[in-house]
Amino acid sequence: MMINKSQDLTRRTVFERMGKLAIVGGAAPFALNLAALGEAAAFSGGDYKAIVCIFMHGGNDQSSTLIPYDPANYDRYSELRGGGAGQTAGGIAYARADLANTVLNTSQTLTDDQKLALAPQLTSLRSLWNSGRLAMQLNVGPLIQPTTLAQYQSTNRTANPLPPRLFSHNDQASVWQSLGAEGSTTGWAGRLGDLALSDNNNSLMTCISAAGNAVMLSGDTALQYQINTTGAIPVNGLKSNLFGSQACSEALNTLINQSSGHVFEAEYNRVLKRSIAWEGTVSGALNAAPVANAFAQTSSSNTLATQLKIVARLIAARANLGIKRQVFFVQHGGYDTHDGTNNIHPKQMQQLNEAMLAFYTATVEMGVSEKVTTFTASDFGRTLSSNGTGTDHGWGSHHFLMGGAVNGGRFYGTAPKISITSDDQVGQGRLLPTTSVDQYAATLARWFGASSSEIASIFPNIGRFSTANLGFMA
């Protein structure tokens, strides 16, 4: 498209003015959104409820998280992971003896009579399982419709559609969060947040990320509010002297507060002014809320724990903020273990174990353990077979659900065979999901308060599956 000089001047003027505002020096905690910001007509939420997503960035290795313990299936697992048959560790397989303290007791009969154990580091999660506060959804992943191995291998993608760009980090993370490929502008939790806006006095505190921008929390109307681990993100140029100069800070303040006839500049100013006002509101509410004692012993280097701590503080401040429904997003990175699994993954599991226990304990301290449900998600699972010292990108995976409203101490879904040749995998032990992300998320949405018709609008593929309620929520 050709652009005349007048259009080019207008474009340059817009960017020049936005560049002036960029001297703020710190990102405002609101995504710039020119869509209507009015309240949505939502369901009636009643009592407080929150869902918290722990996104395990990079693709968590499900076969180093949930491990066969019965002798027959353990031997198959160990051989595929480079350990050889028997009970001695090798390759990237855990020794069977190391799993004795994390065996998950259940009366359920699983595929091939499997008995399963958590990674040895997850002793606290095993305790939550035993107390009925932790469940596991088996082999869940992105699907357009129920899919068999023959349908996966088919060349007829019209009749047998697959999620976009399988095994790609960015695209599969996006599908988990938005049900669409990279570039999607709204996420399923944001669309759920759209329904909750009118139930909250301060609607901008509905969708909150402690891990930067997350498409999961972006709605058609709902804006995601971003926080850091200490609370509200300040506009740095006003919080302290800009470039060491009070005059520069005053100039910035003038730019922000002056009126403008240009739609982009006026909207940018409005977003910044809203950020400044909300920093004070959020900081005041946090200062009035007690700090959860449960995090007193967590490591300061545990970035997941520090994110969950600020989430706990915001939940404690819910009454001061006038909130009935909230969705939160935190992220734990470092799961792309193509190599070094034996060194990397146990450390990830230790941090996950510490952070999840502290957060659940905090909800108990606050009296909201039955009102807050935490779940895990990840780009994808990983191959069952080892590539030497690690694993490659997979598809389906196993995920945790935690909270007082979780029907815990149970597995949901179908346990995959311990095999790289069975029909429930697509090669190298990449699990072909038997439960869709739509079903997993819709079950959470139903507990959150969404009606059947609202669930159908949030999850466009849900009607293709046998159920929108997997049963893991009370």
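The values are calculated or read from the model by the stated rules, or taken from the named source; none is laboratory data. Computed from a predicted model, the values in this text were never measured in an experiment. Every residue, glycine among them, receives a Cβ derived from its backbone with ideal geometry; neighbour counts consider all protein chains shown. These accessible areas exclude ligands, DNA and RNA; they are computed on the full protein's heavy atoms, side chains included. Shrake-Rupley method; radii C 1.70, N 1.55, O 1.52, S 1.80 Å.
Based on the alpha-carbon gyration tensor of region 101-244 and its eigenvalue square roots a ≥ b ≥ c, which shape applies: rounded if a/c is under 1.5, prolate if not and a/b is larger than b/c, or oblate? It comes out oblate by the Cα gyration axes.
Got a number for carbon plus sulfur as a percent of region 184-228's accessible area, 1.4 Å probe? Before the final figure, lay out the partial values.
Details: 410 of 1110 Å².
Roughly 36 percent, rounded to a whole number.
Distance between the pseudo-spin-label points of residue 414 and residue 287 (7 Å out from Cα toward the beta carbon): 5.7 nm. Each residue was assigned an accessible area with a 1.4 Å probe, and for residue 417 the value is about 80 Å². Using a probe radius of 1.4 angstrom, the carbon and sulfur fraction of the accessible surface of region 393-474 is 46%. Kindly identify region 49-164 as rounded, prolate or oblate by the Cα gyration tensor criterion: order the square roots of the eigenvalues as a ≥ b ≥ c, call it rounded if a/c is under 1.5, otherwise compare a/b with b/c, prolate if a/b is larger, else oblate. Cα axes put region 49-164 in the oblate bin. Rounded to whole numbers, the Karplus 3J(HN,Hα) couplings from phi for region 136-145 are 10, 9, 8, 6, 9, x, x, 9, 8, 7 Hz, using 6.51 cos²θ - 1.76 cosθ + 1.60 with θ = phi - 60°, and x at Gly and Pro.
Subtracting the Cα-Cα distance of residue 167 and residue 339 from 0.36 nm times their residue separation leaves 60.2 nm of extension gain.
If the chain linking residue 47 and residue 452 were pulled fully straight, counting 0.36 nm for each residue of separation and taking away their Cα-Cα distance, it would gain 143.8 nm.
Which of 447, 329, 394 sits farthest toward the positive end of the charge dipole of region 316-474, with +1 on the Cβ of Lys and Arg and -1 on the Cβ of Asp and Glu? Sorting the options by dipole projection puts first 447. Net length available on complete extension from residue 97 to residue 185 is 27.0 nm, with 0.36 nm assigned per residue and the Cα-Cα distance removed.
Placing 75, 112 in order of accessible area, with the largest value first and a 1.4 Å probe, yields 112, 75. Of 378, 259, 301, the residue with the largest accessible area leads and the full order is 259, 301, 378 (1.4 Å probe).
Placing dummy labels 7 Å off each Cα toward the beta-carbon, the span from residue 145 to residue 230 is 5.4 nm. Sorted largest first by accessible area at a 1.4 angstrom probe radius, with every protein chain in place, the residues 54, 418 fall in the order 418, 54. Taking a ≥ b ≥ c as the square roots of the eigenvalues of the Cα gyration tensor, an a/c ratio of 1.5 or more together with a/b no larger than b/c marks region 337-456 as oblate.
Projecting label points 7 angstrom from Cα along Cα→Cβ for residue 72 and residue 152 puts them 2.3 nm apart.
Based on the Cβ-Cβ distance from residue 296 to residue 131, what FRET efficiency comes out when R0 is 25 Å, to the nearest 0.05?
Values: r = 21 Å, r/R0 = 0.85.
Efficiency for this residue pair is about 0.70.
Distance from the Cα centroid of region 348-397 to that of region 88-139 is 14 Å (rounded to whole angstrom).
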